Amino acid sequence: MGNLLKRPLAIVLGTNEIASAVGVYLQRTHRAVVLAHDPYPPVIRRALAFHDVLYGEAKSIEGVTASRIDRIADAAGVLAAPARIAITRMGLTDLLILGPLDVIVDARMQKHAARPDFRGLARMVIGLGPGFTVGKNCDLAVETKPLKIGVLVAGGTTAPADCTPETIGGFSRERFVYAPLEGCWRTPFELGGRVYKGMPIGHIDRERIIAPIDGILRGIARDGTEMPEGVQLVEVDPRIYRRWQMTIEDRPRLIAEATLRALHILEAQQHPAVPLPGMLLN
């Protein structure tokens, strides 16, 4: 089937907003792109992520549309379509049947989990965020912390997670609700909903979850999601008059752009005759 795809194959691990932005940018390089879902951590910023396509919803981001595939046999037809990428619950080992992998981008944003070494499975492996060591579990890495967004790491290890979210409207960690226990999350609320401090917005088992501040729901786990204890469940944006944009936000865009820079650098290293004007490490 690898021959049927006719384009270099890129696998992006994750279906969050960063993985989705990377998928859009990779598709623009004329690669066949598959986003592979990982349940940890659950996706809460879903407005500009392809995640909900897994549940039958339609989603296009900046002219690129994602289609769910449940079988390997579905991949060729989806990936042959213009401006289209595939999204799946199938794991990386299942996707190897598609043929030789050009690149794997680990965009799962797992802050503290151990990172496996996928370098033997693809021509290039790029890690995003904490937990990556060049030459150990990736070929190049991209920083994702607020003060280092998009910085390429060509040697050593990426910065560890410090669990300090960006400050918006004077609120930082207070904007978030974290799952107090493991269980099934139930909520009637959707993204963009208006909430007020102390308002009940859902429950995990019998544990009631309330809004931490006044604002709008910038992030909320999908109703029915199985939540591990301690992960982000809800994000409230205090900017109630904020205009919701329908294009990739700044942070995912910077990370996606850095991912392409990393690809160009790795390609140049593997093919030194290829010119690389202006492509320098940050």
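Got a sec? Which of Arg7, Arg45, Arg89 is buried (at least 18 other Cβ atoms within 10 Å of the Cβ) and in contact (Cβ under 8 Å) with a residue 24 or more places away in the chain?
Numbers: Arg7 fails: buried (at least 18 other Cβ atoms within 10 Å of the Cβ); Arg89 fails: buried (at least 18 other Cβ atoms within 10 Å of the Cβ).
None of the others qualify; the one that does is Arg45.
Cβ-Cβ contacts under 9 Å between residues 6 or more apart (or on different chains), taken from a first residue in the stretch 239-257 that is closer than 20 Å to Ser60 by Cβ and of a type in the set (Ser, Thr, Tyr) to a second residue that is modelled with pLDDT of 95 or more and assigned to a loop (DSSP other than H, G, I, E, B), are listed as Thr247/Glu62. Scanning the stretch 11-29 for residues that are in contact with a strand residue (DSSP E or B) (Cβ under 6 Å, 6 or more places away or on another chain) and farther than 10 Å from Ala256 by Cα returns Ile11, Val12, Leu13, Thr15, Gln27. When you check Arg108 against the structure, is it assigned to a loop (DSSP other than H, G, I, E, B), modelled with pLDDT under 95 and buried (at least 18 other Cβ atoms within 10 Å of the Cβ), yes or no? Judged against the criteria, Arg108 is not a match. Checked against (1) in contact (Cβ under 8 Å) with a residue 12 or more places away in the chain; (2) under 23 Å from Ala73 (Cα atoms); (3) among the charged types (D, E, K, R), Glu57 passes all but condition (1). Can Phe118 be described as in the same structural domain as Thr93 (by TED's automatic domain parsing), in a loop (DSSP other than H, G, I, E, B) and of a type in the set (Phe, Trp, Tyr)? Spelling it out, Phe118 is indeed in the same structural domain as Thr93 (by TED's automatic domain parsing), in a loop (DSSP other than H, G, I, E, B) and of a type in the set (Phe, Trp, Tyr). As a summary of the residue check, Ser172 satisfies the conditions (1) touching a residue at least 12 places away in the same chain (Cβ under 8 Å); (2) in contact with an Asp or Glu (Cβ under 9 Å, 6 or more places away or on another chain) except for the one numbered (1). Among the conditions (1) out of contact with any Ser or Thr (no Cβ under 8 Å at 6 or more places or on another chain); (2) closer than 18 Å to Val105 by Cβ; (3) of a type outside the set (Gly, Ala, Ser); (4) crowded, with 24+ Cβ neighbours inside 10 Å, the only one that Tyr40 does not satisfy is (4). Residues that are of a type outside the set (A, V, I, L, M), in a strand (DSSP E or B), modelled with pLDDT of 95 or more and closer than 22 Å to Arg175 by Cα: does the stretch 240-252 have at least one? Taking every residue of the stretch 240-252 in turn, none turns out to be of a type outside the set (A, V, I, L, M), in a strand (DSSP E or B), modelled with pLDDT of 95 or more and closer than 22 Å to Arg175 by Cα. For the stretch 184-217, the set of residues classified as surrounded by 17 or more Cβ atoms within 10 Å (Cβ to Cβ) and under 24 Å from the mean Cα position of the chain (by Cα) consists of Trp185, Thr187, Phe189, Leu191, Ile216, Leu217, listed by residue number. Taken over the stretch 119-128, the criterion of being in contact with a Ser or Thr (Cβ under 8 Å, 6 or more places away or on another chain) and in contact (Cβ under 8 Å) with a residue 60 or more places away in the chain is satisfied by Ile126, Leu128. Regarding the stretch 117-131, can at least one residue be identified that is surrounded by fewer than 18 Cβ atoms within 10 Å (Cβ to Cβ) and within 14 Å of the chain's Cα centre (by Cα)? No: the stretch 117-131 contains no residue that is surrounded by fewer than 18 Cβ atoms within 10 Å (Cβ to Cβ) and within 14 Å of the chain's Cα centre (by Cα). Residues that are within 23 Å of Leu121 (Cα to Cα) and at pLDDT below 95: does the stretch 46-59 have at least one? There is no residue in the stretch 46-59 that is within 23 Å of Leu121 (Cα to Cα) and at pLDDT below 95. Pairs are defined by a Cβ separation below 7 Å, a sequence spacing of at least 6 or placement on different chains, a first member in the stretch 180-203 that is more than 15 Å from Gly224 (Cβ to Cβ), and a second member that is assigned to a strand (DSSP E or B) and basic (Lys, Arg); the pairs so defined are Pro200/Arg208.
The values are calculated or read from the model by the stated rules, or taken from the named source; none is laboratory data. Here the structure is a predicted model, which means the values were calculated and not measured. In this analysis, Cβ positions are derived from the backbone assuming ideal geometry, glycine residues included, and neighbour counts consider all displayed protein chains.
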